[in-house]
Amino acid sequence: MHVDIIITNIGELLPMDKRGPVKGLEMSELTVWNNAAIGIKGDTIVWIGSNEEATILEASQIIDAKGKLVTPGLVDPHTHLVFGGSREKELALKQQGVSYLEILKQGGGILSTVRATQQTSYEQLLDKALFHLDRMAMLGITTVEAKSGYGLDRETELKQLRVVKQANETHPIDIVSTFLGAHAIPPVYKENPEAFLDEMASLLDEIKEENLAEYVDIFTETGVFSIPQSRHYLMKAKEKGFGLKIHADEIDPLGGTELAVELGAISGDHLAVTSDEGIQKLANSNTIGVILPGTSFYLGKDDYARAREMIDAGAAIAIATDFNPGSSVTENLQLIMSIAALKLKLSPEEIWYAVTVNAANAIGKGEVAGTIAVGRKADIVLWDAPNYLYIPYHYGVNHANTVMKHGKIIYERQEIR
């Protein structure tokens, strides 16, 4: 058989080939192939076998993995990729004990990012998004979800979504777009949040017509949008044919997890304070819990999502960076894997499912991302690691050696001499 690329001498191969989402105890059952090889033709994996069997292949290019760990490209299922400005000055204020509400009064917080995003040109937002995508690719991410939500007005929300669409067409990383116009209540609508939700809902037809988003999300939280408001808004989106996501139970257990399950949302995200009832309903549903431990870490919170209990109850869990300028300022999903091990008490096996198969299913990409299998696109990472245990163990650095997207190398570590 002739192929374009053979990857040989793989130390450990994690095919992550279970059909997802993978739930509960199944998340601890990981297939590991030793001494493996992969054949790639064009953008597709066409052969997987032992290194000895690979002698039947002829290839234009041979990549010697030299005993490295090889896995699918990572999937980050929750980011706020497109935004203007940054908020580094707020870190010192937080360290001094200044509350978030006080930071808001001083002109900071999410509304400062909204102002910056409104004032930043389309071209500048695109350049910035591509910069962050480059960094994600270097870190082994090959598929990512990106939300709007820093516009809070018609023009800027559409600008963000159009940037995401062009970035997806421009950058090797595949991007799934989510409309999060209902991210906060603009000051002008403070006394009438329903009118603001009506304005955001009025964008849905245009978003659908331009194919600007696959999902609609809402921030269901105290001081933002209530359960009834969220249900009404998301039902409108569902009727328009959008998939649903919910920022749920991040600060107060309002029942956002239960609402996600009720509406058949593909995911409920954050879930830091989900109730016992919410955990049970999640476990008995097809909704995936997308956990964001980097947010709790960055904000210095003692409470992390009860991901251990969710898995033990039988739920499907994914983890994500929540990359954003205010509460989780990192593109490094590898670091989040370490935090998931240390703070969520997830096993390495569970963590790998959470950043591949389940993460892909949480953004509707379960059939095309998060797995190494014959017939799948060749989204593959070679790691400077001897085994899958090593990545969450050795934290805070980039272990990616070579990153392939659709059979093409998009990142290769350069040695320093």
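The values are calculated or read from the model by the stated rules, or taken from the named source; none is laboratory data. Given the structure is predicted, the values throughout are model-derived calculations rather than measurements. Here Cβ is always computed from backbone atoms with ideal geometry, including for glycine, and neighbour counts include all displayed protein chains.
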Which listed residue, of Gly67, Gly108, Gly97, Gly73, is under 17 Å from the mean Cα position of the chain (by Cα) and more than 24 Å from Leu158 (Cβ to Cβ): Gly73
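Is it fair to say Thr55 is among the polar types (S, T, N, Q) and at pLDDT below 95? Working first, answer last.
Working: among the polar types (S, T, N, Q): yes; at pLDDT below 95: yes.
So Thr55 fits the description; yes.
This table checks each residue for (1) surrounded by fewer than 24 Cβ atoms within 10 Å (Cβ to Cβ); (2) within 23 Å of the chain's Cα centre (by Cα); (3) not β-branched (Val, Ile, Thr).
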| site | (1), (2), (3) |
| --- | --- |
| Gly223 | yes, no, yes |
| Pro228 | yes, no, yes |
| Lys240 | yes, no, yes |
| Gly255 | yes, yes, yes |
| Ile288 | no, yes, no |
Pro72 being buried (at least 22 other Cβ atoms within 10 Å of the Cβ), under 16 Å from Lys147 (Cα atoms) and not polar (S, T, N, Q): no
Which listed residue is hydrophobic (A, V, I, L, M, F, W, C) and at positive phi, from Met27, Met16: Met16
Answer residue from segment 294-333, given it is modelled with pLDDT under 95 and farther than 24 Å from Leu111 by Cβ and is surrounded by the fewest Cβ atoms within 10 Å (Cβ to Cβ) among those: Asp302
Hits in segment 378-417 (condition: more than 19 Å from the chain's Cα centre (by Cα) and either basic (Lys, Arg) or modelled with pLDDT under 95 (or both)): Lys408, Arg413, Gln414, Glu415, Ile416, Arg417
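Please specify each residue of segment 268-286 satisfying the condition of being basic (Lys, Arg) and buried (at least 24 other Cβ atoms within 10 Å of the Cβ). Even if it seems obvious, please write down each step before you answer.
Residues of segment 268-286 basic (Lys, Arg): 281.
Result: no residue meets the conditions.
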Scope segment 37-53; condition within 12 Å of Val3 (Cα to Cα) and among the small types (Gly, Ala, Ser); matching residues: Gly39, Gly42
Criterion (closer than 30 Å to Lys128 by Cα and either among the basic types (Lys, Arg) or surrounded by fewer than 23 Cβ atoms within 10 Å (Cβ to Cβ) (or both)) met by exactly one of Lys89, Lys23: Lys89
Residue match in segment 28-43 (condition: in contact (Cβ under 8 Å) with a residue 12 or more places away in the chain, buried (at least 18 other Cβ atoms within 10 Å of the Cβ) and in a loop (DSSP other than H, G, I, E, B)): yes
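Give me a count of the residues in segment 366-375 that are under 20 Å from the mean Cα position of the chain (by Cα) and either more than 20 Å from Glu29 (Cβ to Cβ) or among the charged types (D, E, K, R) (or both). Let's see the steps before the verdict.
Quick first cut of segment 366-375, residues under 20 Å from the mean Cα position of the chain (by Cα) only: 366-372.
Now restrict to residues that are either more than 20 Å from Glu29 (Cβ to Cβ) or among the charged types (D, E, K, R) (or both): 367-369.
Of the residues in segment 366-375, 3 are under 20 Å from the mean Cα position of the chain (by Cα) and either more than 20 Å from Glu29 (Cβ to Cβ) or among the charged types (D, E, K, R) (or both).
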Matching residues, segment 1-25, being without any contact (Cβ under 8 Å) to a residue 60 or more places away in the chain, touching a Phe, Trp or Tyr at 6+ places or on another chain (Cβ under 8 Å) and not in a loop (DSSP other than H, G, I, E, B): Val3
Residue count for segment 103-161, restricted to those that are among the hydrophobic types (A, V, I, L, M, F, W, C), touching a Gly at 6+ places or on another chain (Cβ under 9 Å) and more than 20 Å from Asp174 (Cβ to Cβ): 6
Matching residues in segment 174-221 - criterion: being hydroxyl-bearing (Ser, Thr, Tyr) and surrounded by 14 or more Cβ atoms within 10 Å (Cβ to Cβ): Ser177, Thr178, Tyr189, Tyr215, Thr220
Per-region count, segment 19-48, residues modelled with pLDDT under 95 and basic (Lys, Arg): 1
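Results for (1) of a type in the set (Ser, Thr, Tyr); (2) over 15 Å from Gly181 (Cα atoms); (3) out of contact with any Gly (no Cβ under 6 Å at 6 or more places or on another chain), shown as yes or no for each residue.
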position: Ile218; (1), (2), (3): no, no, yes
position: Leu234; (1), (2), (3): no, no, yes
position: Lys245; (1), (2), (3): no, no, yes
position: Glu258; (1), (2), (3): no, yes, no
position: Ala265; (1), (2), (3): no, yes, yes
position: Val273; (1), (2), (3): no, yes, yes
position: Asp276; (1), (2), (3): no, yes, yes
position: Asn284; (1), (2), (3): no, yes, yes
Subset of segment 332-365 (residues that are small (Gly, Ala, Ser) and within 13 Å of the chain's Cα centre (by Cα)): Ala354, Ala359, Ala360, Ala362, Gly364
